[in-house]
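Student: Here you go, one structure.
The values are calculated or read from the model by the stated rules, or taken from the named source; none is laboratory data. Computed from a predicted model, the values in this text were never measured in an experiment. Cβ atoms come from the backbone with ideal geometry, glycine included; neighbour counts cover every protein chain shown.
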């Protein structure tokens, strides 16, 4: 197991938590250590190479930690679990690890949200994005709708900003503040980490043709209590011991 630090020093305060609960995400600029960034790029390239021999239903891109020892080692890394637990509480389960590598010219990704426990807001699913390369708003950038997560709507879908504005977003206000919901285009320096509630509406801008590859990987953890449609864990991997992740790969 990798015991080297993956994060530089940081603090996640009660004010930060309240901000995340209000908007649905929180950005830690440049949190990843430089050695961690290098190892992650190496591992994601390894996953891409494994993808050339993908078996349908067990693709390396969706099951990334099952195809690379370093990525697997981060599931139970103390700093990873510390971050997940300071947001979700102590009782958590590992849900998935997905590579989100976007080479130059990769098309935009439409607006969407994900499911988990629509009927019980005490149960949360947290996505932890490692933006190794960072991004600009118009170059593989993450875009969000602050407050959208509070609707706990798994069915948010739109091909572009205009469709979202005319459709799901039309007339929507923040459930707590009453302010109109609006699209926000984020930016992140290399090595940034973004934590996001799974119900938040989000999309990705096109990666410019004159740009480089954007390396990103996402780990997800949740409170047990409901099945998860995004729980991409093979039976063999669930049964395989992962140091530091004892008890975290089971459904409940």
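Student: Could we say that residue 2 is more than 17 Å from the chain's Cα centre (by Cα), modelled with pLDDT under 95 and within 20 Å of residue 220 (Cβ to Cβ) here?
Tutor: It is true that residue 2 is more than 17 Å from the chain's Cα centre (by Cα), modelled with pLDDT under 95 and within 20 Å of residue 220 (Cβ to Cβ).
Student: Scan segment 9-37 for residues that are exposed (fewer than 15 other Cβ atoms within 10 Å of the Cβ) and more than 22 Å from residue 200 (Cβ to Cβ) and jot them down.
Tutor: Those that are exposed (fewer than 15 other Cβ atoms within 10 Å of the Cβ) and more than 22 Å from residue 200 (Cβ to Cβ): 9, 11, 34, 35.
Student: Pull up segment 237-252, narrow it to residues that are surrounded by fewer than 11 Cβ atoms within 10 Å (Cβ to Cβ) and without any contact (Cβ under 8 Å) to a residue 40 or more places away in the chain, then point me to the one that is farthest from residue 68 (Cα to Cα).
Tutor: 247
Student: Also, quick follow-up: Spot the failing condition for residue 211; the list is (1) touching a residue at least 24 places away in the same chain (Cβ under 8 Å); (2) closer than 30 Å to residue 138 by Cβ; (3) exposed (fewer than 15 other Cβ atoms within 10 Å of the Cβ); (4) out of contact with any helix residue (DSSP H, G or I) (no Cβ under 9 Å at 6 or more places or on another chain), and only one is missed.
Tutor: Status for residue 211: all satisfied but (3).
Student: Across segment 186-206, what is the number of residues that are in a loop (DSSP other than H, G, I, E, B) and more than 19 Å from residue 150 (Cβ to Cβ)?
Tutor: 6
Student: Within segment 158-178, is even one residue under 22 Å from the mean Cα position of the chain (by Cα), at pLDDT 95 or above, more than 30 Å from residue 38 (Cα to Cα) and in a strand (DSSP E or B)?
Tutor: yes
Student: Name the residue that is farthest from residue 252 (Cα to Cα), counting only residues in segment 102-122 that are in contact with a helix residue (DSSP H, G or I) (Cβ under 9 Å, 6 or more places away or on another chain) and surrounded by fewer than 20 Cβ atoms within 10 Å (Cβ to Cβ).
Tutor: The extreme case among them is 110.
Student: For segment 18-68, give me the residue count where each residue is closer than 14 Å to residue 99 by Cβ and either part of a loop (DSSP other than H, G, I, E, B) or under 16 Å from the mean Cα position of the chain (by Cα) (or both).
Tutor: Residues meeting the conditions: 12.
Here's the yes/no breakdown for (1) touching a residue at least 24 places away in the same chain (Cβ under 8 Å); (2) more than 16 Å from the chain's Cα centre (by Cα); (3) assigned to a helix (DSSP H, G or I):
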position	(1), (2), (3)
95	yes, no, no
107	yes, yes, no
115	yes, no, no
119	no, yes, no
133	yes, no, no
150	yes, yes, yes
